Amino acid sequence: MRTEDFKHVITEWLTKGPPNTLEREISIPLESNLIITVTGGRRTGKTYLLFNTINKLIRENKAKINEILYIDFEHSRLKAVKVNDLDDMLKAFMELTGNEPSYIFLDEIHNVENYGSWFRKRLNAKIYLSGSSSSLTPRKIAEELRGRSINYEIYPLSFREYLYFLKEQFDPKLLSYTEYRGRILSFLREYLYYGAYPAVIFEKEKEKLLKSYFDSIIVRDLRTVNPEIAEAFASYIISNYSSLITVNRVYNYLKSLGYKIGKEKVLELFDKSKESYFAFYVEIFNKSEIKRKVNPKKVYIIDTGYSTALGYEFSISKAMENAVYLELMRRNYGDIYYWKEFGGSEGKEVDFVIAKNFQVEEIIQVTYATDVVEEREINAIKKAKKELNPKKITVITWDYENKENEIDYVPLWKWFLLHH
């Protein structure tokens with residue numbers, strides 16, 4: 001019986017309630033017959049989104065605090081909770097409030113083994129679940145909840161959210177003024193340099209906090225695969241973000257450092273890094289699955305601030321490309337690939353191909369251009385256009401804007417703030 005433990009935790013919740021929150025661009029429904037799950041990297045704001053949803057329910061008079069059950073299963077009183085103990089959770093809430101909960105928010109639910117079986121009972125409440133990125137993945141949710149849930153993925157702050165959190169009012173009408181435009185570009189450079197974890201933007205010692213995230217989040221998740229090589233693997237991925245990568249290349253690098261490992265462990269690390277939302281791997285655009293699998297993949301990371309924290313030289317063009325990838329994921333544009341000219345390692349390349357069922361919607365090239373785009377970038381676009389026949393062509397620049405030969409040249413800040 002865990003009723004008394006749950007009473008203690010629920011009393012804390014009813015007394016304190018949710019903290020104040022700022023709105024984010026991602027929102028989850030207040031009414032759904034499906035279980036709502038929230039996944040994403042650690043420290044990207046999953047719990048914050050739950051609190052934001054609770055505040056919205058209270059603000060819109062959809063529920064009072066004594067009708068909302070929130071439990072954090074990492075609370076010290078709830079260690080080793082079993083799935084059968086969840087009945088005690090409901091019992092404790094009803095004893096304290098006299099109500100059945102109308103809304104149930106369960107954070108770090110992965111700590112309850114086989115939690116899915118409990119939700120097969122008929123519950124009258126709307127249910128929201130969140131948890132650790134490496135333990136609560138879309139695949140595992142599907143297995144546990146058997147198609148009775150809808151998942152929302154959360155990433156670090158978009159540039160719009162970043163400005164909003166810093167209380168910087170964005171006014172498109174002022175962009176013609178050089179001084180204001182320079183201010184926005186300054187914020188953008190910092191956004192790329194230190195990344196966009198919500199807590200980091202308010203922290204004075206940003207690099208120190210990011211380094212602690214690297215040790216306590218990224219390396220800790222990867223250590224479950226192999227403690228010995230986790231840090232070296234993560235560092236290598238960060239040093240090569242926005243670049244082409246292969247399992248063989250990583251394997252040979254780790255061997256050169258003296259690690260005795262097999263390729264299967266490297267493959268496991270790739271899978272774990274993807275599962276935990278640390279790294280994302282983009283395949284070449286090709287209708288042949290075999291060719292997509294055997295070709296190198298483009299790697300992107302959850303936050304460009306890690307590169308700064310580990311002391312690597314800052315590349316604004318790589319950071320721009322990584323930030324564009326994350327924004328494409330936030331906007332859920334479609335399937336994302338890269339394109340490379342067939343034959344030869346020096347073939348022309350386009351950063352992003354956006355497709356639906358292999359029908360190309362848009363190709364996107366990212367370049368640090370302020371007044372002119374290099375000829376090699378244009379040549380790559382022309383080659384890709386001829387082969388892929390896209391509906392739209394976009395070149396994302398630092399601060400150059402134009403429309404020429406069916407190509408939209410759009411500054412990154414404008415693409416972030418005004419293009420949706």
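Read the figures in this text as sums done on the coordinates, not as results from a lab. The structure presented is a predicted model; accordingly, all values stated were derived computationally and were not measured. Heads up, the Cβs are rebuilt from the backbone with ideal geometry, glycines too, and the neighbour counts pull from every protein chain shown.
Here is how the numbers come out for the structure above:
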read-out	value
Helix-only CD estimate at 222 nm, as mean residue ellipticity for the chain, using -39500 (n - 2.57) per DSSP H run (n ≥ 4)	-12000 deg cm²/dmol
Semi-axes of the equivalent ellipsoid for the range 3-154, Cα gyration tensor, largest first, Å	21, 19, 15
Entries in 46/414; 64/140; 16/274; 62/140 that, when Cα-Cα distance is taken, lie over 29 Å	64/140; 16/274; 62/140
About the Cα centre, charge dipole magnitude for the range 172-286 (Lys/Arg +1, Asp/Glu -1 at Cβ), debye	240 debye
Sequence-distant lysines (8 or more away, or on other chains) whose Cα lies within less than 18 Å of residue 255	263, 265
Compactness index (Cα Rg / 2.2 N^0.38 Å), the chain	1.07
Cα lying deepest toward the dipole's positive end in the chain, options 370, 90, 412, charges on Cβ	90
Among 261, 363, 35, residue whose mean-square fluctuation peaks in a GNM of the chain (springs only between Cα atoms under 10 Å)	261
Top of 191, 259, 241 by mean-square fluctuation, Gaussian network on the chain, Cα under 10 Å	259
Among 137, 48, 380 - extreme Cα towards positive end, dipole of the chain, charges at beta-carbon	137
The chain: most fluctuating residue of 318, 386, 82 per GNM, C-alpha cutoff 10 Å	386
DSSP-defined antiparallel bridges as percent of all bridges, the chain, nearest 5	40 percent
Radius 11 Å from Cβ of residue 40, net charge of other residues (Lys, Arg +1; Asp, Glu -1)	+3
Per-selection metrics, the range 83-151 (Cα): Rg and Dmax in Å	12.3, 37
Sequence of 270, 165, 93 once ranked by neighbouring C-beta atoms within 10 Å, starting from the fewest	165, 270, 93
The range 280-420 - share of DSSP beta bridges that are antiparallel (%, nearest 5)	60 percent
Lysines whose Cα lies under 20 Å from that of residue 204, excluding same-chain neighbours fewer than 8 positions away	167
Between the range 9-32 and the range 199-254, the Cα center-to-center distance that results, in Å	31 Å
Set 206/318; 287/403; 297/403; 382/403 screened for pairs whose C-alpha atoms are more than 24 Å apart	287/403; 297/403
